[in-house]
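Remarks on the structure that follows.
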Amino acid sequence: MQNELINEGLTLMLAGMGTVFVFLTVLVIAMTLMSRLVSRFQPAKGAANAGDDEIAAIAAAITEHRRQ
C-alpha cells in the first residue's frame with residue numbers, strides 16, 4: 001500500500017515536471033522566433049538614432065533637475 005502511493009506520487013511528479021519543462025521549452029523557442037521576426041521587420045531604435053536636438057533637450061533637462 002505504501003509503495004503504491006509513493007510510486008503514484010513519483011509518477012505524478014514526473015508527469016508534472018515534464019509538462020512544465022516542455023511548456024517552458026516551447027515558450028523559449030516561440031519567444032526567440034518572435035524576436036527574430038520583429039527585429040527583421042522593425043529594426044531597433046536606440047540612442048544612435050536620436051537626433052542632436054533630442055540629446056540637447058535631455059542634457060538640459062538633466063542639468064535643470066540637478067540644479068533643484
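Rule-based calculations on the coordinates, nothing more; no lab input. All values derive from a computational prediction rather than experimental measurement. Counting neighbours? That spans all protein chains shown, and the Cβs are built from the backbone with ideal geometry, glycine included.
Numerical summary
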item: Label-point separation, Thr63 to Met34 (7 Å along Cα→Cβ), nm; result: 4.3
item: Positive-end residue of Gly18, Val38, Gln2, charge dipole of the chain with Cβ unit charges; result: Val38
item: Computed [θ] at 222 nm, deg cm²/dmol, the chain (DSSP H ≥ 4; -39,500 (n - 2.57); rounded to nearest 500); result: -29500 deg cm²/dmol
item: Dipole in debye (nearest 20) - the chain, about Cα centre, beta carbon charges: Lys, Arg +1; Asp, Glu -1; result: 240
